[in-house]
Structures are given as structure tokens and as C-alpha cells.
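The values are calculated or read from the model by the stated rules, or taken from the named source; none is laboratory data. Keep in mind it's a predicted model, so treat the numbers as computed, not measured. Backbone-built Cβ (ideal geometry, glycine too); neighbour counts: all protein chains shown. For the accessible areas, the whole protein counts, side chains as well, though only heavy atoms, and no ligand, DNA or RNA atoms are used. Shrake-Rupley method; radii C 1.70, N 1.55, O 1.52, S 1.80 Å.
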Amino acid sequence: ASQALVNVLFGYFYSDAAAIIPIVALGQLLMALSEYFAKGFQLTKQTSALFWITLIAACVNVLANLALIPWLGIMGAAGATVLAYALALGLTAMRCQTFLTVRLPIVSVWKIAFAAIGPLWVLFWSWPSLGRMNLGATGLLAVASVALFAATLWISREPTVVAVVRLVLGSRKSQANR
């Protein structure tokens, strides 16, 4: 599946890079979660601790790259990055909890994960023909997937989505009244 995505987006020349997409995606998830906790450092103006955590994670990344790339190649580089992001997430979450209670909104996370199932299902079933689709059909599929994701979140009454929709609808109503 990753190979079809790489072929559509970048061409067949880069198809060998498809193997690392799931690993890179995991790394991006860990980095995003780390950023969630990093806001606590910013809010309390304790960003120097965040600097040291980032430096430690970067050093681990370099050392892991030196150890894994000769053995595993590009997969080793991707794995080293995931290891560094996981370390940064763990250190950021632990340190942040010492001066600010930050709770991960588990219910919202599960709603978002559930909402992602629909678009993933659409993409999974369209994968065989994705490489043969023209740009318009691919764009339509992307728009439909995003709409399905948003609709599922709306139906689940995810507070963030409801607030954004109300904001957008409210601004349209106020523009129509002018």
C-alpha cells in the first residue's frame, strides 16, 4: 500500500522508499504527542528544560544512526529516529508532569482514531486503482476521505470539530447579514 502511495505522489523512481513510510508515520505520531506535552514548558516559561530534552534525544538519534545504518540501512535511520522521538516523548511527558498537570484527552483521541477508520477503509479499497487514477479522481478521493473523517467526528460530537463548524457557520451568517 505504501508503495502505491509513493508511486502516485513521487513516481516509480522513489518506490523503494515506501518501506519506511509506516516507521516514519509512527515517528511523526510520537513527535506530535511530544509537542502536546511541550506546550506545558512553553506555558510555564520553562523552555530550557525542553532544550536539554531535545539535545539528549538528538544525541541518541545520532548514536543510534551510527549503530543502525551500517546494519539496516534506511530502515535503521528510520528506526533510530523513532527511538529518539519516543525518548523525547517520554522525557517531555515525565518532566512536564513535575510542574504542570497535563492530561491527554483520551476520549478525543479514541474518537479521532475511530473517525480515521472510514477514510482508511476508502483508501485501502481504492489502492489497486490509485495508480491508474487521473489527478482529478485522486483529488476527489482525497476530498471524500477528509469529508468522511470530518463527518464522523461531527457525528461523534467531538467538541473541537463542533466548535470549528459553529465558528465557520457563524462567520458565514454574520457575512450574510451585512
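Of all residues in the range 141-159 being loosely packed, with under 15 Cβ neighbours inside 10 Å and within 14 Å of Val107 (Cα to Cα), which is farthest from the chain's Cα centre (by Cα)?
Across the range 141-159, the extreme among qualifying residues is Arg157.
Test Ala58 against the stated conditions and say whether it is out of contact with any Phe, Trp or Tyr (no Cβ under 9 Å at 6 or more places or on another chain), closer than 12 Å to Leu89 by Cα and open to solvent by 40 Å² or more (accessible area, probe 1.4 Å). Show your work before the answer.
Values: out of contact with any Phe, Trp or Tyr (no Cβ under 9 Å at 6 or more places or on another chain): yes; closer than 12 Å to Leu89 by Cα: no; open to solvent by 40 Å² or more (accessible area, probe 1.4 Å): yes.
Criteria not met by Ala58.
May I ask you to verify whether Val8 is farther than 19 Å from Tyr85 by Cα and either open to solvent by less than 60 Å² (accessible area, probe 1.4 Å) or outside any helix (DSSP H, G or I) (or both)?
yes
How about the range 26-47: which of its residues are closer than 15 Å to Ala93 by Cα, loosely packed, with under 15 Cβ neighbours inside 10 Å and not hydrophobic (A, V, I, L, M, F, W, C)?
Scanning the range 26-47 gives Glu35, Lys39, Gln42, Thr44, Thr47.
Against the definition (within 30 Å of Asn7 (Cβ to Cβ) and open to solvent by 60 Å² or more (accessible area, probe 1.4 Å)), how does Ile23 come out, yes or no?
Considered against the rule, which asks whether it is within 30 Å of Asn7 (Cβ to Cβ) and open to solvent by 60 Å² or more (accessible area, probe 1.4 Å), Ile23 comes out as no.
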